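The values are calculated or read from the model by the stated rules, or taken from the named source; none is laboratory data. Please read all numbers here as calculations on a predicted model, not as lab measurements. All Cβ positions, even for glycine, are placed from backbone atoms using ideal geometry, and neighbour counts span all protein chains on display.
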Amino acid sequence: MSHTASAPGKIILFGEHAVVYGRPALAIPVTQVHADVQVSGSSRAGIWIQAPDVNLHTELNTLPSDHPLASVIHNFLFLFRVSPFPNLEIRISSTIPVASGLGSGAAVTVALTRALSSFLSRPMADEEVNAFAYEIEKLHHGTPSGIDNTVVTYAKPVYFIKGQPIETFKVGAAFTIVIGDTGISAPTKESVGDVRKLWEADNGKWESVFDRVGKIAEEARKNIESGKWELLGELMDQNHLLLQEMTVSSPELDRLVSAARSAGALGAKLSGGGRGGNMIALVNVNLAESVAKSIREAGAQRVIITQVS
Ligand code: PMV
């Protein structure tokens, strides 16, 4: 019998980068894209991994120990002292584009952890899955805030402050977001590292920039909870300016952001690590398709329309 688990993608609505420095950020799951893992017993010896999306068909021991999938499996088996190693077939597939700010790494980690936990009868509470996924994120991303693994684990809107217990928030009235992917994969580790260099060179300046971002995230949460979602547009624009100041936007992101605004979006910003990956735009639902079209014409490789409710 095989055991399966799935985890959604995510986007950050407000507060990326500043969240690494203790300011609040808001993120939501994006269920249109997801990572899916199936674990089953195997008659052949070893732990066999099939991940056709990345053209990986191999036995665990052929992978370097710091390979993202190998590190999840090794750490899981170590955590639960599973010995001897069972013979397994692990099938991994994902519709979440990699290195684009949609949380693909965290989603694969969470789905794989849950599928292993279920198949090997080692039950894990959400908090345990989240803490485990955070340790894996730290192996691959330097100094992550933990927002990706948190929103992906709980699959709920999250008001996130690094190191604090998870807080979800209510959505007073549903609103629509258009997500545009530049198609450029940009490692978050690099943009996070570059922001750190800026911060190290001028602590005072960047602390005040991060404070402004934190205030935007707080105000955004209040507006979302009270159903005044139209006010988020202006906050997105302000947040995007501050992200540009942090040097994490790019000409391609700026082009998609401008295209969205010209097509009638109420506001737009990059989302996630930046330099490439995705941008988001807030739209009236009746304009979603035309904003999506404009973003595509401006170069987006893929567009997702998602409802936050
Ligand atoms: O994983 P991404 O690209 O969505 O970005 C994560 C958000 C950052 O604030 C840039 C980094 C972090 O760890 O919070």
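Overview of values
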read-out: Given (1) crowded, with 20+ Cβ neighbours inside 10 Å; (2) assigned to a loop (DSSP other than H, G, I, E, B), number of the condition residue 220 does not satisfy; value: (2)
read-out: Region 1-31, residues that are in a loop (DSSP other than H, G, I, E, B) and away from the ligand (no atom under 13 Å from the Cβ); value: 1, 2
read-out: Enumeration of residues in region 269-309 that are touching a helix residue (DSSP H, G or I) at 6+ places or on another chain (Cβ under 8 Å), away from the ligand (no atom under 16 Å from the Cβ) and either small (Gly, Ala, Ser) or free of Cβ contacts under 8 Å to residues at least 60 places away in the same chain (or both); value: 281, 294, 297, 298, 299, 300
read-out: Residue ID - surrounded by the most Cβ atoms within 10 Å (Cβ to Cβ), chosen from residues in region 102-121 that are in a loop (DSSP other than H, G, I, E, B) and at pLDDT below 95; value: 102
read-out: Test: residue 66 is surrounded by fewer than 16 Cβ atoms within 10 Å (Cβ to Cβ) and either touching a residue at least 60 places away in the same chain (Cβ under 8 Å) or touching a Cys at 6+ places or on another chain (Cβ under 9 Å) (or both); value: yes
read-out: Residue list for region 77-96, restricted to those being assigned to a strand (DSSP E or B) and either touching a Ser or Thr at 6+ places or on another chain (Cβ under 9 Å) or within 16 Å of the ligand (Cβ to nearest atom) (or both); value: 88, 89, 90, 91, 94
read-out: Region 10-26: number of residues that are surrounded by fewer than 24 Cβ atoms within 10 Å (Cβ to Cβ) and either of a type in the set (Asp, Glu) or more than 8 Å from residue 161 (Cβ to Cβ) (or both); value: 2
read-out: Complete set of residues in region 151-184 that are farther than 23 Å from residue 261 by Cβ, of a type outside the set (D, E, K, R) and not in a loop (DSSP other than H, G, I, E, B); value: 151, 152, 153, 154, 158, 159, 160, 168
read-out: Single match in 99, 133 (criterion: of a type outside the set (Val, Ile, Thr), closer than 18 Å to residue 187 by Cβ and either within 16 Å of the ligand (Cβ to nearest atom) or not in a helix (DSSP H, G or I) (or both)); value: 99
read-out: Positions within region 106-128 being under 22 Å from residue 164 (Cα atoms) and either of a type in the set (Ser, Thr, Tyr) or within 16 Å of the ligand (Cβ to nearest atom) (or both), in sequence order; value: 106, 107, 109, 110
read-out: Where a residue in region 1-27 is in the same structural domain as residue 108 (by TED's automatic domain parsing) and touching a residue at least 40 places away in the same chain (Cβ under 8 Å) and its partner, wherever it lies, is buried (at least 21 other Cβ atoms within 10 Å of the Cβ) and polar (S, T, N, Q), with Cβ under 6 Å and at least six apart; value: 11/271; 12/271; 14/239; 19/145; 20/145
read-out: Per-region count, region 245-276, residues polar (S, T, N, Q) and either within 22 Å of the chain's Cα centre (by Cα) or buried (at least 22 other Cβ atoms within 10 Å of the Cβ) (or both); value: 4
read-out: Scope region 136-150; condition closer than 19 Å to residue 8 by Cα, within 9 Å of the ligand (Cβ to nearest atom) and part of a helix (DSSP H, G or I); matching residues; value: 137, 147, 148
read-out: Evaluation of residue 187 against (1) under 21 Å from residue 253 (Cβ atoms); (2) in contact with a strand residue (DSSP E or B) (Cβ under 7 Å, 6 or more places away or on another chain); (3) at pLDDT below 95 (one fails), failing number; value: (2)
read-out: Meets criteria (more than 16 Å from the chain's Cα centre (by Cα) and part of a helix (DSSP H, G or I)) for residue 71; value: yes
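Yes or no, residue by residue, for (1) in contact (Cβ under 8 Å) with a residue 24 or more places away in the chain; (2) farther than 25 Å from residue 210 by Cα:
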{"position": "113", "(1), (2)": "yes, yes"}
{"position": "125", "(1), (2)": "no, yes"}
{"position": "129", "(1), (2)": "yes, yes"}
{"position": "142", "(1), (2)": "yes, no"}
{"position": "161", "(1), (2)": "yes, no"}
{"position": "167", "(1), (2)": "no, no"}
{"position": "178", "(1), (2)": "yes, yes"}
